[in-house]
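Participant: Provided herewith is a single structure, encoded as structure tokens, for subsequent inquiry.
The values are calculated or read from the model by the stated rules, or taken from the named source; none is laboratory data. Worth saying up front: this structure is predicted, and the values here are computed from it rather than measured. With ideal geometry, Cβ positions are generated from the backbone for all residues, glycine too; neighbour counts draw on all protein chains shown.
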Amino acid sequence: MAHKQPLSILDWLLEVDGIGEKTAQAILAEYGENTSQALIEDPHAVAKAIRGVSLSRANNAAKMMRKMLATSGEPARTDGRQDESQIRDSLSQFHQIDAIDNAPERPLDNDAVRTAMLERWGEIFAERRRAQEVFSRHKHELMERPNVRGTHVGFRRRRFGGDKAMISSDLECCIRVHVEFKLDPNDPRFIDPRIAQMLPKEIEGVPVDVVERSYVTFDPPNSSASAAIATGYENPIVGGIQIARDNNHQNAGTLGGIVFDGFRPVFITNFHVAGSEGEAIVQPADCQTPDGSSAIIGKVVRASVPSVDGQRQVDCSIIRPGPMNREFKRTIKNIGLPDQYLSTKLTWPDEHRTFAFKIGAVSGRTNGIVQSVNATVRLNGIDMDNQILVESVDDNPMLLPGDSGSLLLTEATDHSVFYVVGLVHAKTNDSGALVASHIDDVESTMGVKVSLAQ
């Protein structure tokens, strides 16, 4: 009977989840017979030096090596080789050990994700920064593919026996690519060579996660408006109520709130709700006022629509209040928080950790958690960079038709103030997430300020 050759370090590397043969060969080429020592002593350096090795994978490799040595009772050879039986036994014992970082993957809910991120903050920070650098170099190349509708950096999701993909316990940073549809290789649409070109499994060593999802701007209110929260006459005028163009009452949306043009209070909403400069705006959309007076509350004085050249990235109109028999108040309807609000900017540490909400004229308050602060999405044939994605926390739609123009909000932990972080202008095709422009981008583009106190 032929003697079995002991497993090489290559064989061992291939046992580590996520390390393929190409990556394993790259590690061996870099470190040679010192590979096992390098992994144990400085996994961070290995992750930094080798494309395709995330810090979490390097750490898992180092931990597995220590476990194998501990269970086998044998010292490490400089070339990383052991008898096959020792490695197989070690792996078997290793996978039976409880409460270790390399335990089988499991789905995480929002609270578990937040906790796991805090426990692994340094590691995740390094992976997220690396993924963001690669994403920035390749996002427009990805968006050129005809089936792609959006992309951003996030955690990989997997299905664990249910219909909904969930973030996995390994918290693997990846480039998430949203496509309009996933195709079976036998689908006749594969005749189109542009569509048949498969997305890569990784880019510069960063994994790619493909998701079936696209983005749409909102339609006017439909029958769902019968249960609307704030579509009637309002006095005083506040954020979160229904408005429309005087020449198109069907194209109703939401007045986001009151901001400042210099020292003058003005109303803010979406361009696709209020339109261009000079448009008269009514409240409510059906123009029904108690005393029969005009429903016009102001006119658009400034507007911005996203442009193909990328110079304009916000969907926004500014309305100057006009002569009316109503007052206006700088708050948002039914918010249950102090009247005064400030602006702040979401950054990547808010992803998967910060809860945000909007108050729309039709659906009222809906709650979500920030998924991305730098997404690129395609809307009406135009790519919009640096967008916020907020996903529902309770499986209810984040927005309904007629909610366009809502402000995206967060609140202080002591509930003493709330913050404006974005202007909502679109949603995913399944209504499970909203899309918003960062409020500082809106402020700089439109020449307004959320608060005079800042």
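Participant: Right, Pro284: surrounded by 13 or more Cβ atoms within 10 Å (Cβ to Cβ), under 27 Å from the mean Cα position of the chain (by Cα), under 28 Å from Leu379 (Cα atoms) and not hydrophobic (A, V, I, L, M, F, W, C) or not?
Facilitator: So Pro284 fails the test.
Participant: Limited to the range 326-358, what total is found for residues that are in contact (Cβ under 8 Å) with a residue 60 or more places away in the chain and in contact with a Ser or Thr (Cβ under 8 Å, 6 or more places away or on another chain)? Working first, answer last.
Facilitator: Our first condition is that a residue be in contact (Cβ under 8 Å) with a residue 60 or more places away in the chain; within the range 326-358, this holds for 326-335, 337-338, 340-346, 348, 351-353, 356, 358.
Cutting the leftovers down to in contact with a Ser or Thr (Cβ under 8 Å, 6 or more places away or on another chain) gives us 338, 340-344, 346, 351, 356, 358.
So the count comes out to 10.
Participant: Among the residues of the range 282-320 satisfying the criterion of being hydroxyl-bearing (Ser, Thr, Tyr) and assigned to a loop (DSSP other than H, G, I, E, B), which is modelled with the lowest pLDDT?
Facilitator: Step by step, filter the range 282-320, then rank; the result is Ser307.
Participant: Right, next: So Leu13 ticks every box in (1) surrounded by fewer than 19 Cβ atoms within 10 Å (Cβ to Cβ); (2) within 18 Å of Gly205 (Cα to Cα); (3) modelled with pLDDT of 70 or more but one. Which box is left unticked?
Facilitator: Unmet condition: (1).
Participant: In the range 231-259, which residue that is surrounded by fewer than 24 Cβ atoms within 10 Å (Cβ to Cβ) and in a loop (DSSP other than H, G, I, E, B) is modelled with the lowest pLDDT?
Facilitator: Thr231
Participant: Turning to a different aspect of this structure: Mind checking whether some residue in the range 179-191 is touching a Ser or Thr at 6+ places or on another chain (Cβ under 6 Å), in the same structural domain as Arg158 (by TED's automatic domain parsing) and either at pLDDT 95 or above or assigned to a loop (DSSP other than H, G, I, E, B) (or both)?
Facilitator: Residues of the range 179-191 that are touching a Ser or Thr at 6+ places or on another chain (Cβ under 6 Å), as a first pass: 180.
Next, only the ones that are in the same structural domain as Arg158 (by TED's automatic domain parsing) stay: 180.
Restricting the remaining residues to those that are either at pLDDT 95 or above or assigned to a loop (DSSP other than H, G, I, E, B) (or both) gives 180.
Yes: one or more hits.
Participant: Could you say whether any residue in the range 398-405 is modelled with pLDDT of 95 or more and within 26 Å of Glu123 (Cα to Cα)?
Facilitator: Within the range 398-405, none of the residues are modelled with pLDDT of 95 or more and within 26 Å of Glu123 (Cα to Cα).
Participant: Tell me, please, whether a residue that is in contact with a helix residue (DSSP H, G or I) (Cβ under 9 Å, 6 or more places away or on another chain) and in a loop (DSSP other than H, G, I, E, B) can be found in the range 147-163.
Facilitator: yes
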